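Enquirer: Before I ask anything, here is the structure I am working with.
The numbers here are math on the coordinates, done by the rules we state, and not lab data. Predicted, not measured: the structure shown is a model, and the values here were computed from it. A quick note on method: Cβ atoms are made from the backbone with ideal geometry, for glycine too, and the neighbour counts reach across all protein chains shown.
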Amino acid sequence: MDELYSVYGTAAIIGMYFLAHVAARKLDPFAPVWLFLVGFVQVYLIQALSYHDWAVGVRGKDLVAAANLRAFWALLWFLTVYHFSPARLAAGLLPRPPRGWPVKFIAALSPILIFWGLVCAGIVISSGASSAQTISPEGSLLLSFPFVMMVAGVLLIVTGRTITAHPRPIFLAWGLAVAVLYVLIWMFNGKRSHSLIGVLATVCAFYISRLKRPSWPVLIATSFTGALVVAVAIGWRNNPDYERSALGFVNFLGDFKVSSILDSLNVGSDESDPDFFTHETAEYGGFLLMMDTVPEKSGYDYGANYLRVFSTFIPRIFWPSKPLYGRRQWVDAWIAGSEMAREEDFAGPAIGILGATQLNGGAVGTLIVLGCIALLLRTAYEYFRRYQDVAWVQFFWASTYFNAWFMVVADDPLIWFYYNWGLTTFPIVVLMWWASRWTAPRTQKVSAPELAPR
């Protein structure tokens, strides 16, 4: 099947890239490239193989071959820019981070953030629904801030673990407890992303705050735990057999089959009856739809969606007619190319990074957006590497690096910023910058760690 040659080529590139880093002992699991590649494997390898028969039947061999080839050269381009762009120089031009760390301020701020996060979780639980349709406008506003609880957990872990003359085990214990509670709550609420973020942020904060990297057994256990919490969240959200209560959740966990993890990873047999089933709601399916529809049946958005990075944070009280930039073109593409009838108020699934870049401007849009993302991720990582002994940088990185995964699997590569991170984490990151500047340095500089797992 010629249309799969590019998929195998993509798999070979990722495999060789991973083995080269392992052989050179340069594998840093907290480098953003790895979570980017995890998302790429999930969408453009696993889904491309699992949904192949459906894809060819609905979109045709030529379109599928073109889409798979697009994924192949897009990955090559991303890795080229990631490694050969002037990211290290750009990181050196950024402001130096403050070396203070306001422990008393964190002790006062964290309970507020934890309480706020619990209120958000309580609204979801009391609503009895996984969507916000039954929640008041005020509740929907509060619902935008669940991640502040996890931000507090990261603050506490970093405070308890950062190398100082006075260890703070109570901060560490509370931070770990908050992180575990956060993961459990959002598994119960059926939110896979929140649950996975909790695992990734906790492990990262725990290790980088001591300038260490996890061993191979820890990495394997972390990967399994991440896949497990995602499978539990999805399975619990979709199950019709258990009462929606704490007791029902416990019973569900008791009957949970580990093999269902494969379903959450899109590994499984293809559906044989296309009249009653479609994969277009998966990221790969959305990508194929955009490749088939834009620009022949529906126009480009020319990157209008990225204006939401700014417009999202302007309250409608000051801009009542504020548009949702890029949404019109997104909906038009679905209406024009979907297997099913889509209405004007359609609010469907993610299309993945390559679906978004196709909507932005086809192959040219893919080159521009992938290049910018590679430069952004590498610059941020080089900044972390340069100042990794600074507590503020440890907090910033542990609560940020996982967004490399969101960039691949969401509606567009920056939705993580204006949908969640820019509202919940960014203000606290800025606040901690200034609070740390006002605090006398309390961390002691140590030599950089080995990046290879040990």
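Enquirer: Give a residue-ordered list of calculated ³J(HN,Hα) values for region 375-387 (Karplus: 6.51 cos²θ - 1.76 cosθ + 1.60, θ = phi - 60°; whole Hz; x for Gly, Pro).
Expert: Going residue by residue, I get 5, 4, 5, 5, 5, 4, 5, 5, 5, 4, 4, 5, 10 Hz, with x marking Gly and Pro.
Enquirer: For region 180-313, what class follows from the C-alpha gyration tensor (a ≥ b ≥ c being the square roots of its eigenvalues): rounded when a/c is under 1.5, otherwise prolate if a/b is larger than b/c, else oblate? Working shown, then result.
Expert: Numbers: a/c = 1.89, a/b = 1.27, b/c = 1.49.
Judged from the Cα gyration tensor, region 180-313 comes out oblate (a/c at least 1.5, b/c at or above a/b).
Enquirer: Under 25 Å Cα-Cα from Lys104, which lysines qualify once same-chain neighbours fewer than 8 residues away are excluded?
Expert: Lys445
Enquirer: Let me ask something additional. Neighbouring Cβ atoms within 10 Å as the yardstick, rank Tyr182, Tyr51 fewest first.
Expert: Fewest to most other Cβ atoms nearby, the residues stand as Tyr51, Tyr182.
Enquirer: If R₀ is 41 angstrom, what is the calculated FRET efficiency for the pair Ile335 and Ile125, using the beta carbon separation as r and rounding to 0.05?
Expert: Numbers: r = 35 Å, r/R0 = 0.85.
Working from the Cβ atoms, E equals 0.75.
Enquirer: Next up: How high is the relative contact order of the chain, in percent, with contacts defined as C-alpha pairs under 8 Å that are six or more residues apart?
Expert: Values: 656 pairs, mean separation 123.9, N = 454.
That works out to 27 percent.
Enquirer: Now, a different point. What is the order of Met340, Met432, fewest Cβ neighbours within 10 Å to most?
Expert: Met340, Met432
Enquirer: When His194, His166, His83 are ordered from fewest to most other Cβ atoms inside 10 Å of their Cβ, what list results?
Expert: Ordered from fewest to most neighbouring Cβ atoms within 10 Å, His194, His166, His83 come out as His166, His83, His194.
Enquirer: Still on this structure, please answer the following. Add -39500 (n - 2.57) for each DSSP H run of 4 or more in the chain, then divide by its residues: what number comes out at 222 nm, to the nearest 500 deg cm²/dmol?
Expert: Helix-only estimate at 222 nm: -19500 deg cm²/dmol.
Enquirer: Additional query: Report, in listed order, any pair from Lys191/Lys212; Lys191/Lys257; Lys61/Lys297 with a Cα-Cα distance greater than 25 Å. Could you put the intermediate results ahead of the total?
Expert: On the way: Lys191/Lys212 30 Å; Lys191/Lys257 19 Å; Lys61/Lys297 19 Å.
Cα-Cα > 25 Å for Lys191/Lys212; rest within.
Enquirer: Would you work out if region 304-385 is rounded, prolate or oblate? Take a ≥ b ≥ c from the square roots of the eigenvalues of the alpha-carbon gyration tensor; rounded if a/c is under 1.5, else prolate when a/b is larger than b/c, oblate otherwise.
Expert: Taking the square roots of the gyration eigenvalues as a ≥ b ≥ c, region 304-385 is oblate.
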